[in-house]
1. Would you confirm whether any residue within the range 89-106 is over 22 Å from Ile35 (Cβ atoms), among the aliphatic types (A, V, I, L, M), at pLDDT 95 or above and not in a loop (DSSP other than H, G, I, E, B)?
2. So the check is Cβ under 6 Å with 6+ separation or different chains; which pairs have a first residue in the range 116-137 that's touching a residue at least 24 places away in the same chain (Cβ under 8 Å) and a second one that's outside any helix (DSSP H, G or I)?
3. Among the candidates Leu99, Leu118, Leu130, single out the residue that is in contact with a strand residue (DSSP E or B) (Cβ under 7 Å, 6 or more places away or on another chain) and of a type outside the set (Lys, Arg).
4. Could you tell me how many of the residues in the range 109-148 are over 23 Å from Val88 (Cβ atoms), more than 14 Å from the ligand (Cβ to nearest atom) and either touching a Gly at 6+ places or on another chain (Cβ under 8 Å) or among the acidic types (Asp, Glu) (or both)?
5. Output the residues belonging to the range 124-164 that are surrounded by 16 or more Cβ atoms within 10 Å (Cβ to Cβ), in contact with a Pro (Cβ under 7 Å, 6 or more places away or on another chain) and under 23 Å from Arg18 (Cα atoms).
6. When residues of the range 65-84 are filtered for being of a type outside the set (Ser, Thr, Tyr) and either over 9 Å from the mean Cα position of the chain (by Cα) or surrounded by fewer than 17 Cβ atoms within 10 Å (Cβ to Cβ) (or both), how many remain?
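The values are calculated or read from the model by the stated rules, or taken from the named source; none is laboratory data. Quick caveat, the model's predicted, so the values are computed rather than measured. All Cβ positions, even for glycine, are placed from backbone atoms using ideal geometry, and neighbour counts span all protein chains on display.
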Amino acid sequence: MQAILIGFMGSGKTTVGRLLAQTLATQHADLDDLIVESAGTPITTIFANYGEPYFRQLEQQTLINAIKQPGILSTGGGTPTVAANAAVLKRSPVPVIWLAATGETILERVQNDRSRPLVNDLNTESLMTLKRQRATLYANAADLVIHTDQLSLQEIVGHIVSWL
Ligand code: S3P
């Protein structure tokens, strides 16, 4: 990998990852997509039928494989919350970039999206509590933090490209 993007749900990891990969003429992988591909079912179904711990096992295995590939990796919002994943990110020589966003921005983006089980299951207050709790984990894993709220997609990608 050339760079790994982390951040809360709705922080733009997938969108930024795609444009970043295109800009650097490299490939893009999305951890959630890889999990869905290998499981053969959507994430909501994995959570509903097998539970979050099983999803986290799949995520951990998928991360270990994905990190060996070239290009840009967009992780899931919960990836660094698993200690083993945080250790993998810390150990890896690949730069880890945290796309940070305010609660308002996140809510605007994810509130009406039914594809995220945690958004479906948690009320706004719990979701924001989760976001606050995870901030430390993202900060610990990150080599670069980008506060994305006031930036366009192009500006975010531009920042990353000039930093890399
Ligand atoms: C999760 C985030 C999701 C997905 C799963 C769990 C989380 O990815 O991995 O629903 O724990 O925050 P996105 O951040 O791409 O939505």
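1. yes
2. Between residues of the range 116-137 that are touching a residue at least 24 places away in the same chain (Cβ under 8 Å) and residues that are outside any helix (DSSP H, G or I), the close pairs are Arg116/Met9; Lys131/Phe8.
3. Testing whether each residue is in contact with a strand residue (DSSP E or B) (Cβ under 7 Å, 6 or more places away or on another chain) and of a type outside the set (Lys, Arg) leaves just Leu99.
4. 1
5. Matches in the range 124-164: Tyr138, Ala141.
6. 11
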